[in-house]
1. If you project the alpha carbons of the chain onto the principal axes, what extent comes out on each, in Å, largest first?
2. In nm, give the distance between the simple-model label positions of Arg161 and Arg211, each being 7 Å from the Cα along the Cα-to-Cβ direction.
3. Enter the mean projected area of the convex hull around the alpha-carbon atoms of region 106-241, in nm², rounded to one decimal.
4. For Ala174 and Thr135, FRET efficiency with R0 = 30 Å and r from the beta-carbon atoms, rounded to 0.05?
5. When ranked by the protection proxy of mean other Cβ atoms within 10 Å per residue, highest first, what sequence do the peptides 261-271, 183-193, 220-230 form?
6. Please find the FRET efficiency linking Ser244 to Arg184, where r is the Cβ-Cβ separation and R0 is fixed at 22 Å, and quote it to the nearest 0.05.
7. Looking at the chain, what % of its DSSP beta bridges pair antiparallel, to the nearest 5?
8. At a Förster distance of 22 Å, what's the computed FRET efficiency of Glu108 paired with Glu251, Cβ-Cβ distance as r, to 0.05?
Amino acid sequence: MSDPGAGAPHRLITIPWSHYCEKARWALDRAGVPYREDAYLPFAHALPALWAGGRTSVPVLVSSAGVLRDSTDILRYADTLVPPERALFFREFREPDAGRAEVEALEELFDLDLGPATRRIAYFHLLPDAEGTFTLMGGSFRALEGAGAALPWWFGRGAFRAYFPVARSVMNAAMRIDAASAERSRGKVRAVFDAVNERLRDGRPFLVGDRFSAADLTFAALAAPLLVPEDHPASLPPPGELPSDLRALAEALRGEPAGAFALRMYREHRHARPGQSAGG
Ligand SMILES: N[C@@H](CCC(=O)N[C@@H](CS)C(=O)NCC(=O)O)C(=O)O
């Protein structure tokens, strides 16, 4: 497979299946920005992210304009590279406008409430199953291989078995993943999905205005861990391959207007970058 990021002036440091990384990747792909993706396993990502001038969380984008350490900043950067009428934050409105303020408010709501909640629920169900996690991680790296996300040489089953229990305990502690917090996160997902269902009740094609915005992209990307869209470039497992509780939740959410909306955003607006096939 050709490397679409070869010689690229941008470097995106990721954990390949991370939904905040996918949010940034989607915006860069959409803006046609050439970049190389340097993908790491959780914890292996922290030092490269720091060395690049970021902090320990990813995505980090190293660009000629500097180092961007947050997915929202990366979306705003991508907006400087597209014509105003395609900007994710509705840059065509020069003055602060109601639509633009709505996009900003929704993007922030999804970042703060939806992203941490979908991640916690997904990990709560996935991490107890080492084999399933191995398959997910390996699949994501392979799907993004053309973008530079080669599997680390030590990611054989033996090494993974040694690495995984330690990584899992640290992840559980760092993200405070347990049954009670997963239940609270379900409540947050419920509230966000209710709000999006309500917004879509009038049949609107997008969350704000009449075109795709940062609100649509952020909702779809950050809901993805619980919706497992077929068109996700990190090749998430289909619902049928998820642990049973997570499968039931994915199927229920996919059946709601908000879930169907996010899947449609993936189908219609998540175009693969050159040199990489969508969904794998
Ligand atoms: N507000 C940040 C959140 C990024 C984030 O939570 N990244 C996670 C991966 S999904 C991470 O790197 N966690 C590891 C850490 O914080 O050390 C953004 O939008 O970029």
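1. 56, 43, 31
2. Calculated label separation equals 5.5 nm.
3. Result: 9.5 nm².
4. Numbers: r = 23 Å, r/R0 = 0.76.
Step by step, r from the Cβ atoms, then E = 0.85.
5. 220-230, 261-271, 183-193
6. Numbers: r = 21 Å, r/R0 = 0.97.
Approximately 0.55, to the nearest 0.05.
7. Percent antiparallel among DSSP bridges in the chain is about 55.
8. Efficiency for this residue pair is about 0.15.
Every number here is computed from the coordinates shown, using simple stated rules; none is lab data. The shown structure was predicted, so the numbers you read here are calculated from the model rather than taken from an experiment. A quick note on method: Cβ atoms are made from the backbone with ideal geometry, for glycine too, and the neighbour counts reach across all protein chains shown.
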